[in-house]
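To keep things clear, I will list the structure first and then write my remarks on it.
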Amino acid sequence: MKNKIAIVTGGTGALGRQVANKLADEGIRVYVPAHNMDEFNSVFDNSQSVETSEFRLRKIYAFECDALDENSVREFVRSVSVQEKGGIDFLINTVGGINPVCDVADILTSDFDSMFNLNFRSAFFFSREVLKIMRPRKYGRIISISAMAGLEAAPGRFSYSFSKAGVVSLMNTISEEMKGYNIRCSTIVPSVIDTPANREWGSPEDINKWVKPAQIANIIYGLLTDEFSPVRSSIIKVYGSV
């Protein structure tokens, strides 16, 4: 694993940063598409370890990228490939967001498009581009984050649900298409993730039931290891106690 290269989209987010740090701690070189380099630098301060207050250099790097722009994504993946002499082993898609509750009859087309672009198109753009690197090398692992709403009806959340269902379909389709190339895809399906944004509305009882970002990061790392190499088209439900 110490020679592997990973891209973690949404790497400065509450979940993405946990994933990036976990992979880097395991010796993987991590690249984060950063919309804002100042934010990246503030999130990934390598000057010291939080646990020991000792210097620790994590191999987490960034190039500027707009995850919703296919040309920007294409250039980002190209830059990582050039930097690493053609090697990209892992892609973790964590970019995402949720819309306010809204009945289907009241959904604005612009709001639907916004959810679809954020949750699905970002994962599609990155997956499509890294496959161009992985397929000739006959190796790759792609893991994306969906949601409970992507597997079952969620009243008031159709735009979100539809976009997250698309992520599941994308991962399953790629995994089936690429099974002869040793490329595996999995979808992590969390319930509510314990993030600062969610804590603003959750009660202490709610929060105790939620899934911790570090727990998801550990599951993702496990799926990347050789121990889980036979696993493809998998849907991993991480519901906690919800």
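The values are calculated or read from the model by the stated rules, or taken from the named source; none is laboratory data. Because the structure is predicted, anything quoted here is derived from the model rather than measured. Because the Cβ atoms are built from the backbone with ideal geometry, glycine has one as well, and the counts that use them run over all protein chains shown.
The table for this structure:
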read-out	value
Residue check for VAL189: closer than 30 Å to THR109 by Cβ, part of a strand (DSSP E or B) and within 15 Å of the chain's Cα centre (by Cα)	yes
Where LEU23 falls short, out of the listed (1) modelled with pLDDT of 95 or more; (2) part of a loop (DSSP other than H, G, I, E, B); (3) over 19 Å from PHE125 (Cβ atoms); (4) not charged (D, E, K, R)	(2)
Condition met for ASN172 (more than 20 Å from LYS4 (Cβ to Cβ), among the polar types (S, T, N, Q), in contact with a Lys or Arg (Cβ under 6 Å, 6 or more places away or on another chain) and part of a helix (DSSP H, G or I))	no
Conditions (1) surrounded by fewer than 16 Cβ atoms within 10 Å (Cβ to Cβ); (2) over 15 Å from the mean Cα position of the chain (by Cα): number failed by GLY222	(2)
Cβ-Cβ under 6 Å pairs, at least 6 apart or on other chains, the range 135-155 side in contact (Cβ under 8 Å) with a residue 40 or more places away in the chain, far side crowded, with 24+ Cβ neighbours inside 10 Å and among the charged types (D, E, K, R)	ARG141/ARG184; SER146/LYS164; ALA147/LYS164
The range 1-24, subset of a type in the set (Lys, Arg) and out of contact with any Lys or Arg (no Cβ under 8 Å at 6 or more places or on another chain), residue surrounded by the fewest Cβ atoms within 10 Å (Cβ to Cβ)	LYS2
Residue that is modelled with pLDDT of 95 or more and either more than 22 Å from LYS132 (Cα to Cα) or among the small types (Gly, Ala, Ser) (or both), where the choices are SER169, SER234	SER169
Cβ-Cβ under 7 Å pairs, at least 6 apart or on other chains, the range 186-201 side within 20 Å of SER161 (Cβ to Cβ), far side outside any helix (DSSP H, G or I) and of a type in the set (Lys, Arg)	VAL189/LYS237
Within the range 129-183, tally of residues that are among the hydroxyl-bearing types (Ser, Thr, Tyr) and buried (at least 21 other Cβ atoms within 10 Å of the Cβ)	6
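Every residue, every condition in (1) modelled with pLDDT of 95 or more; (2) part of a helix (DSSP H, G or I); (3) closer than 24 Å to SER127 by Cβ; (4) not hydrophobic (A, V, I, L, M, F, W, C), yes or no:
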| site | (1), (2), (3), (4) |
| --- | --- |
| TYR31 | yes, no, yes, yes |
| ASN41 | no, yes, no, yes |
| ASP45 | no, no, no, yes |
| GLN48 | no, no, no, yes |
| GLU51 | no, no, no, yes |
| PHE55 | no, no, no, no |
| ARG58 | no, no, no, yes |
| PHE63 | yes, no, yes, no |
